[in-house]
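S.K.: Following this message is one structure expressed as structure tokens.
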Amino acid sequence: MQTDYLIYGVHAAFWGAFGITRAILSRLAEPAVSPTPAPAAASPQTAPYSRALLGFHMVGFGTMYFGLNQAVLGNQVPERWPLQRLAGSLVMALGAALMCWALAFFRSWRFRAQLAADHELATGGPFALVRHPIYLGLNLLGIGTALWIPSGLELAAAVLLIVGSDLRCRAEEKLLLQAFGERYRAYMKQTRRMIPGLY
């Protein structure tokens, strides 16, 4: 269907929202963090295997976009249920909103799991819902794409993205435990990793 080309616009809006939010916030002086000072890391640190984990995550994105192009350009988007495109769009929009909220609340986002010397521990805003809202937003992009294009390849891509996110979350948590100790351990006990109230 011709309407399936709209998925490119949805993806462009997802990444555009992320990029524009980062660009706007980089020009502002102060992040929108809580009024009480957050603990900060004492020295710069990088999580072990962060480069390899990023590479694994990129395989998920590559699979997602390969499957997307194959389905849309080949006019082979499976028709599984009514409103699958709307459902996919809404899930992707939720992911974009969550990522932008996380960036607005806490701007120390990096591609790899790294802590700068002044890296602050964020536990409010979206971080009060889940420990890794940006990874959850990326997972929602993959899940939304699989809803719009319900194919085996997109399902595999969503699984790769979720596994990649989870592995990166675990690596970052080890790093944050080293940097913030009991403060972060207490936060982990009260806040789920990726799904509020469940996981």
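We did not get these values from a lab; they are worked out from the coordinates using the rules stated. Nothing here was measured: the structure is a model prediction, and the numbers come from that model. So basically every Cβ, Gly included, is an ideal-geometry build from the backbone, and we count neighbours across all protein chains shown.
S.K.: Test of understanding: ordering LEU121, LEU198 by Cβ neighbours within 10 Å, fewest first, what list do you get?
M.R.: Final ranking by Cβ density, sparse to dense: LEU198, LEU121.
S.K.: Still on this model: Using a 10 Å cut-off on Cβ atoms, rank the peptides 69-80, 86-97 from the highest mean neighbour count down.
M.R.: 86-97, 69-80
S.K.: Please give me the summed charge of the neighbours of CYS169: other residues whose Cβ is under 12 Å from its Cβ, Lys and Arg +1, Asp and Glu -1.
M.R.: Value of the local net charge: +3.
S.K.: If you don't mind, another one. Once amide H atoms are built 1.01 Å from N in the peptide plane, which residues 5 or more positions from ARG192, or in another chain, come under 5 Å H to H?
M.R.: It is ARG131, GLY197, by chain and number.
S.K.: Now for a different question. So what's the net charge close to ALA146: Lys and Arg +1, Asp and Glu -1, counting the other residues with Cβ under 15 Å from its Cβ?
M.R.: -1
S.K.: Charges at C-beta only: +1 for Lys and Arg, -1 for Asp and Glu. How large is the resulting dipole of the chain about its Cα centre, in Debye rounded to 20?
M.R.: My answer is approximately 380 debye.
S.K.: Hey, can you rank 176-183, 133-140 by average C-beta count inside 10 Å, highest first?
M.R.: The peptides rank, most packed first, as 133-140, 176-183.
S.K.: Taking the Cα-to-Cβ direction at ARG170 and at ASN69 and moving 7 Å from each Cα, how far apart do the two end points lie in nm?
M.R.: Here the modelled spin labels are 3.2 nm apart.
S.K.: Can you tell me the 0 to 90 degree angle between the C-alpha axis of helix 152-180 and the longest principal axis of the chain, rounded to 10?
M.R.: The helix 152-180 is inclined about 0 degrees to the chain.
S.K.: Order by neighbour count: TRP148, TRP81, TRP15, TRP101, fewest other Cβ atoms within 10 Å first, most last.
M.R.: Ordered by Cβ neighbours within 10 Å, fewest first: TRP81, TRP15, TRP101, TRP148.
S.K.: Find the percent of Cα-Cα distances in the chain that exceed 22 Å, and round it to a whole number.
M.R.: In whole percent, the share of Cα-Cα pairs in the chain beyond 22 Å is 50.
S.K.: Per-residue ellipticity at 222 nm for the chain, helices alone: DSSP H runs ≥ 4 residues times -39500 (n - 2.57), over residue total, nearest 500 deg cm²/dmol?
M.R.: -21000 deg cm²/dmol
S.K.: Work out the FRET efficiency for ARG22 and GLN2 from their Cβ-Cβ distance, taking R0 = 25 Å, and round it to the nearest 0.05.
M.R.: 0.15
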